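Structure, as structure tokens:
The values are calculated or read from the model by the stated rules, or taken from the named source; none is laboratory data. Keep in mind the model is a prediction, meaning the values are calculated, not measured. Here Cβ is always computed from backbone atoms with ideal geometry, including for glycine, and neighbour counts include all displayed protein chains.
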Amino acid sequence: MPPVPLIDSHVHLWDPKHLRLQWLDKNKLLNRRYCVPEFREHTAGVEIEAFVYVETGCDPAYGQIEARWAAALAKEEPKLRGIVAWAPLEHGDPVRSYLAALKEISPLIKGVRRIAQGEADPQFSSKPDFIKGAQHLAEFGFSCDICINPKQLGGAIELVRQCPKVNFVLDHIAKPNIKEHVLDPWRAQLKELAALPNVVCKMSGLVTEADPQWTSADLKPYVEHVLECFGEDRVAFGSDWPVTLLASKYDRWVKTLDELTAGLSAAAKKKLWAENARAFYRLGKA
């Protein structure tokens, strides 16, 4: 297990009876409540200092409802110390009013996310209006989670390049095709993205992109490349719970990543497992 109490930079909590999550309709495992009690149960035995709630892909009409709901959950779970809310960044300048409304909900809202991975256009996140919307984040002190598929990395690179005042974090290492051991062109594009100083990378979501019978060896070249590109100061652990249950229990992913990063120095491990997430999401000390 990690040498320090970890900070999980990517946790989802949901209740399908409260929020409309259309993407769960045909998923028997995930289409149920996964909330604070379930999270505590599934993480038993893992020492967690804090975690960040990341928006769940609910229908857009529920975006601010979800943000308020997450803020309310933090009152029963003090380890919930940061929230990444949904925002329609593709609306361009008008999104500023939406961001202002988010700012009023809670100081726990640290950033926003607009999932692009399902969009047919690989340049979705580099269109002019999306870039304008993202540029407004700096005014409110919000960061931006990037959730894309590998074909969209080029657009993400342009987005980050056009928003130098915004801090970005790449979710799930851009979801490369680990199942079929595909490394290129993901490898080169990830390096290009990492060359931009205002982006970090979450070590999350790998197991759900791998074969159902995955081993640590399947994940190793991807973990090593992320560390090579982003270095010890710009990587952060994330579980992607409960989505990760499609491929792994919580503690198995923690143990696997711990094994794959065993060669890091003690200081680098502390950054990966806690301190980089703390700094990026401005979580403060416990």
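Any idea how many residues of segment 164-194 are part of a loop (DSSP other than H, G, I, E, B), under 16 Å from R234 (Cβ atoms) and out of contact with any Leu (no Cβ under 9 Å at 6 or more places or on another chain)?
Our first condition is that a residue be part of a loop (DSSP other than H, G, I, E, B); within segment 164-194, this holds for 164-167, 175-185.
Checking which are under 16 Å from R234 (Cβ atoms) leaves us with 164, 166-167.
The next check asks that each one be out of contact with any Leu (no Cβ under 9 Å at 6 or more places or on another chain); those that pass are none.
Result for segment 164-194: 0.
Just for helices (runs of 4 or more DSSP H) wholly inside segment 94-163: which have at least 3 residues that are exposed (fewer than 15 other Cβ atoms within 10 Å of the Cβ) and small (G, A, S)? Can you show your working first?
Details: elements: 95-105, 128-135, 137-140, 153-162.
Of the helices (runs of 4 or more DSSP H) lying wholly inside segment 94-163, those with at least 3 residues that are exposed (fewer than 15 other Cβ atoms within 10 Å of the Cβ) and small (G, A, S) span 95-105.
Among the numbered criteria (1) on the phi > 0 side of the Ramachandran plot; (2) surrounded by 13 or more Cβ atoms within 10 Å (Cβ to Cβ), which one does V46 miss?
(1)
Please identify the pairs in which a residue from segment 29-45 that is closer than 18 Å to A70 by Cβ and touching a residue at least 40 places away in the same chain (Cβ under 8 Å) has its Cβ atom under 7 Å from the Cβ atom of a residue that is of a type in the set (A, V, I, L, M) and in a strand (DSSP E or B), counting only partners at least 6 apart or on another chain.
Going by the 7 Å Cβ cut-off, the qualifying pairs are F39/V11.
Conditions (1) charged (D, E, K, R); (2) in contact (Cβ under 8 Å) with a residue 24 or more places away in the chain; (3) closer than 30 Å to K255 by Cα, marked per residue:
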residue	(1), (2), (3)
Y53	no, yes, yes
G57	no, yes, yes
A70	no, yes, yes
L73	no, yes, yes
P78	no, no, yes
L89	no, yes, no
D93	yes, yes, no
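Within the bounds of segment 20-31, is there any residue that is over 28 Å from G263 (Cβ atoms), modelled with pLDDT under 95 and not small (G, A, S)? Walk me through it before giving the result.
So the first thing to find is which residues in segment 20-31 are over 28 Å from G263 (Cβ atoms), and the list is 20-31.
If we keep only those that are modelled with pLDDT under 95 too, we end up with 26.
Narrowing the set further to residues that are not small (G, A, S) leaves 26.
Yes - at least one qualifying residue is present in segment 20-31.
Select the helices (runs of 4 or more DSSP H) contained entirely in segment 204-286, then report the ones holding at least 3 residues which are charged (D, E, K, R) and modelled with pLDDT of 95 or more. So that I can check it myself, show each step before the final result.
Details: elements: 216-230, 250-260, 266-270, 276-280.
Output list reads 216-230, 250-260.
Of the conditions (1) buried (at least 22 other Cβ atoms within 10 Å of the Cβ); (2) touching a Ser or Thr at 6+ places or on another chain (Cβ under 7 Å), T256 satisfies every one except a single condition; which number is it?
Going through (1) buried (at least 22 other Cβ atoms within 10 Å of the Cβ); (2) touching a Ser or Thr at 6+ places or on another chain (Cβ under 7 Å) one by one, T256 breaks only (1).
Quick one: in segment 10-28, of everything that is of a type in the set (A, V, I, L, M) and under 13 Å from Y53 (Cβ atoms), which residue is surrounded by the fewest Cβ atoms within 10 Å (Cβ to Cβ)?
If we filter segment 10-28 for residues that are of a type in the set (A, V, I, L, M), which is where we start, we get 11, 13, 19, 21, 24.
Narrowing the set further to residues that are under 13 Å from Y53 (Cβ atoms) leaves 11, 13, 19.
Details: V11: 27, L13: 23, L19: 19.
Among residues in segment 10-28 that are of a type in the set (A, V, I, L, M) and under 13 Å from Y53 (Cβ atoms), the one surrounded by the fewest Cβ atoms within 10 Å (Cβ to Cβ) is L19.
Can you name every residue in segment 106-121 that is touching a Leu at 6+ places or on another chain (Cβ under 6 Å) and either under 13 Å from V52 (Cα atoms) or among the hydrophobic types (A, V, I, L, M, F, W, C) (or both)? Before you say what the answer is, go through the steps one by one.
Taking segment 106-121 first, the residues touching a Leu at 6+ places or on another chain (Cβ under 6 Å) are 109, 114.
Across segment 106-121, the qualifying residue is only I109.
Of G231, G238, which residue is small (G, A, S), within 30 Å of F140 (Cβ to Cβ) and either crowded, with 20+ Cβ neighbours inside 10 Å or in contact with a strand residue (DSSP E or B) (Cβ under 6 Å, 6 or more places away or on another chain) (or both)? Before you say what the answer is, go through the steps one by one.
On the way: G231 fails: either crowded, with 20+ Cβ neighbours inside 10 Å or in contact with a strand residue (DSSP E or B) (Cβ under 6 Å, 6 or more places away or on another chain) (or both).
Unique residue meeting the criteria: G238.
Could you say whether any residue in segment 113-123 is free of Cβ contacts under 8 Å to residues at least 24 places away in the same chain, more than 23 Å from V11 (Cβ to Cβ) and among the aliphatic types (A, V, I, L, M)?
Scanning segment 113-123 turns up at least one residue that is free of Cβ contacts under 8 Å to residues at least 24 places away in the same chain, more than 23 Å from V11 (Cβ to Cβ) and among the aliphatic types (A, V, I, L, M).
Take the residues of segment 68-93 that are within 14 Å of I131 (Cβ to Cβ) and of a type in the set (D, E, K, R): which is surrounded by the fewest Cβ atoms within 10 Å (Cβ to Cβ)?
Out of the qualifying residues, it is D93.
Looking only at segment 260-286, filter to residues that are crowded, with 19+ Cβ neighbours inside 10 Å and among the basic types (K, R); which one of those is nearest to V166 (Cα to Cα)?
R278
Is it the case, given these coordinates, that R81 is among the charged types (D, E, K, R) and part of a strand (DSSP E or B)? Outline the logic, then answer.
Working: among the charged types (D, E, K, R): yes; part of a strand (DSSP E or B): yes.
It is true that R81 is among the charged types (D, E, K, R) and part of a strand (DSSP E or B).
Given (1) surrounded by 24 or more Cβ atoms within 10 Å (Cβ to Cβ); (2) of a type outside the set (F, W, Y); (3) in contact with a Pro (Cβ under 9 Å, 6 or more places away or on another chain), where does C201 come up short, assuming only one miss?
Result: C201 fails condition (3) only.
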